[in-house]
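The values are calculated or read from the model by the stated rules, or taken from the named source; none is laboratory data. Owing to the predicted nature of the structure, the values given are computational and were not obtained by experimental measurement. A quick note on method: Cβ atoms are made from the backbone with ideal geometry, for glycine too, and the neighbour counts reach across all protein chains shown.
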C-alpha cells in the first residue's frame, strides 16, 4: 500500500470521526445526515485500509523472492511517479497561493495581471515579451472589460492604490 | 408536443441565443483539442459565467460547448494518437494506424460524420422518450427522488475506479461536505466554524473548479510542453470517410443506440460507451483481422456511441435528476443554480428548456463538424500552444469564477483547498466524480428525505418503487464484487485448463 494512500485514508477516517463527534451535540434531525455521511466515510475508509494492509502483509513474502532487476525498475518508476507528484503538488499549492495572495493584496485586475506576467516570466526563463503582453491583456480584460464594461465588481484588494485604484 | 418542438427550435434563432451557442462551440472546440482540459473542466470553469443568463441561454452555452468537445477531440486522437478528450481514446486504436497509412482524412471524415449521426440518434431517442417518461415521472414522489439520488450515488461510487470502496467513501465525503451550512429544517449551523460566509454552505462552483480545474492546471504547469511538435501535412479524403459512414449505416445506427443506452446508466458514460461500441463493432464484423491496424469500422462505432450517449445522459438527468457522469453532475449544478428541478416539471412546465437542450445538441454537432472540416488546419495549430501560456490565465479564470458566484473571497480560499485535495485524489486514484455528486445530490437527498418523512413517516420506505430502487442500490454495491469474483473464477479455470 502506498504511503500517500495510507495517509489519505487515515485523514478521511479522522475527519469522519471529528465530524461525527461534532454532530452528536446537534438535534437529531440536524445531525442525521452528517452522522450518516460520517459513519459511511469512517466505515468505508476503515474497510479499505484494513483490506489493503492485510493484502500488503500477504504480498510481502513472495515479493522478496523476485528478481532484483525487476524490483530496481519498479523502484525507479515509483520514484519518478513520486517526483512528478511532488512537483504537481508544489504547482497546485505554491502557484495558486501566490496568485491568490497577489489578488488579495492588489485586487483581481492588478494582482491578476502581475501574477500572469510573473508566472510567464518564470516559466519562459527570463523572456520579457510574452509576460508584458500577457499581463497587459489580463489588465485590459479584467480591469476594463470585466470591472468597468460588464460591472462585475471583482475584489479590489486590501491595499489602497491611490490614483491607480480606478483600474481595480 | 409538436408545437413545443417547433417553438423551441425557433427560439434558438435569436441574436443572444446564436451568440451564446457560437461562443460555447468556440470554447468547446479549443477545449476539445487541448488534452488535459476536458469537457468537465470547461463546464466547471464556465458555470459561474452563466449566472446572469436565463436558464435556456445558459444551457445553450454550456451544452453547445460540451457537445463539440468530442468532435474536436477526434482530431488529435486520429492525427497524433493523443486523445483531446477521454471520450475519444478508442479512436486511437484504428484512427492512428489509418493516419499513419495516409488515410487520416478518411478517418476524420468517418469520425465526424459518425459523430453527427450518433448525436442525431441520441437526440431522436430523447425526443421520443419524453412523452413516454412524463407519466412515469408523475408517479414519483419525494421518497422515490430520495432513493433515486441514493441509487445514483451508489452506482457512480461503485463503478468508479479500480477500488469501488474508494468511490463509496468519496460519495460519503461529498455528502458530508454538502452538510456544511445551515440545516434546511431547523436552521442549525453545521461545520461553519463561526464563519458567516459558510452559513450558506460550500459553493458548488468553488468545490467543482477546485477539484477539477486546479489539478489539470497544475499538470499543465509541470508538463509545460505543447502536444504537437510537428506541423500538419495535407489531409485529404474526408468525403471518403463520409461515404464509409453511409456504407456502414447499420453499424453506426446500432452503436448509436448502444451509446444512448450506456449514457442513461449512472457511472458509465462516454468513456465506457466508446469502448463498448468498439468491442461491439469488432464482435459483429465477419472479418476481424484489420481491427487495430486501421479499420474504418473501428472509428465509426466509437464515434457514433460517444456522441449518442449525450442523449442518454440528458434523459437520465432531466427526468430523474440522475447525473451519469461528472460533467452531467456539474450540469445538474447549473440546473439548481437556475432554479430548475429535474423531474416532471422539466417535461411539462419547463419542456421548452428541455427541448432547447436537445436542439442544441443537434445543431452544435452540425456546426462543430462543419467548422472542424473547413478550419481543420487552424484548429490543429492550437495543439502547438505551449502549456505555460495557458496556466496563469486559466488560474485567474478559476479564481474569478469562484469569487463571482457570491462575491466572497472565502470561496477563492475554498477553491485552493479543494484544488490541493483534487491533486492528491487524482494522483492517488481516489475518484472525484462521486465526491462532486455527493456535494450536488446531498442537499437534494436531505430535502427529499425530510419532506418524505414528514408526509409518510417510516412508510416512505415501504413504497413499491422505493423498494425496487433499494434492491437496485444493493445490486450496485454488490455488482463490482460479483464481477471481481467471476473474473477470479474465470482466471482460475483458465489456469487449470492450461495445466491440464
Residue that is nearest to residue B:414 (Cα to Cα) [pool: residues in segment B:166-184 that are facing chain A (nearest Cβ under 8 Å) and part of a loop (DSSP other than H, G, I, E, B)]: B:179
Which is in contact with a helix residue (DSSP H, G or I) (Cβ under 9 Å, 6 or more places away or on another chain) and in contact (Cβ under 8 Å) with a residue 60 or more places away in the chain, of B:396, B:441? B:441
Please count how many residues of segment A:1-38 are surrounded by 16 or more Cβ atoms within 10 Å (Cβ to Cβ), part of a helix (DSSP H, G or I) and more than 7 Å from chain B (Cβ to nearest Cβ). 10
Single match in B:223, B:255 (criterion: at pLDDT below 85 and either under 25 Å from the mean Cα position of the chain (by Cα) or over 23 Å from residue B:103 (Cβ atoms) (or both)): B:223
Would you mind stating whether residue B:33 is crowded, with 24+ Cβ neighbours inside 10 Å and modelled with pLDDT under 80? yes
With the structure loaded, tell me whether residue B:388 is modelled with pLDDT under 80, part of a helix (DSSP H, G or I) and surrounded by fewer than 23 Cβ atoms within 10 Å (Cβ to Cβ) or whether it fails that test. yes
Has segment B:78-89 got at least one residue that is assigned to a helix (DSSP H, G or I), closer than 19 Å to residue B:366 by Cα and out of contact with any strand residue (DSSP E or B) (no Cβ under 9 Å at 6 or more places or on another chain)? yes
What is the number of the single condition among (1) within 9 Å of chain A (Cβ to nearest Cβ); (2) in a loop (DSSP other than H, G, I, E, B); (3) at pLDDT 85 or above that residue B:187 does not meet? (3)
With respect to residue B:261, is the statement that it is farther than 28 Å from residue B:370 by Cα and either in contact with a helix residue (DSSP H, G or I) (Cβ under 8 Å, 6 or more places away or on another chain) or buried (at least 19 other Cβ atoms within 10 Å of the Cβ) (or both) true? no
Looking across segment A:85-108 at residues that are surrounded by 24 or more Cβ atoms within 10 Å (Cβ to Cβ) and within 10 Å of chain B (Cβ to nearest Cβ), the single one that is nearest to residue B:407 (Cα to Cα) is A:108
So which of B:327, B:373, B:349, B:319 ends up being away from every other protein chain (no Cβ under 14 Å) and assigned to a loop (DSSP other than H, G, I, E, B)? B:349
Answer yes or no: is there a residue in segment A:69-83 that is more than 22 Å from residue B:386 (Cα to Cα), within 12 Å of another protein chain (Cβ to nearest Cβ), surrounded by 12 or more Cβ atoms within 10 Å (Cβ to Cβ) and modelled with pLDDT under 75. yes
Go through (1) buried (at least 20 other Cβ atoms within 10 Å of the Cβ); (2) within 14 Å of another protein chain (Cβ to nearest Cβ); (3) assigned to a helix (DSSP H, G or I) one by one and return the number of the condition residue B:356 breaks. (2)
Of the listed residues (B:417, B:412), the one being modelled with pLDDT of 85 or more and buried (at least 23 other Cβ atoms within 10 Å of the Cβ) is B:412
Looking across segment A:128-164 at residues that are within 11 Å of chain B (Cβ to nearest Cβ) and at pLDDT below 70, the single one that is nearest to residue B:409 (Cα to Cα) is A:152
Could you list, in sequence order, the residues of segment B:416-435 that are more than 10 Å from chain A (Cβ to nearest Cβ), within 18 Å of the chain's Cα centre (by Cα) and assigned to a helix (DSSP H, G or I)? B:433, B:434, B:435
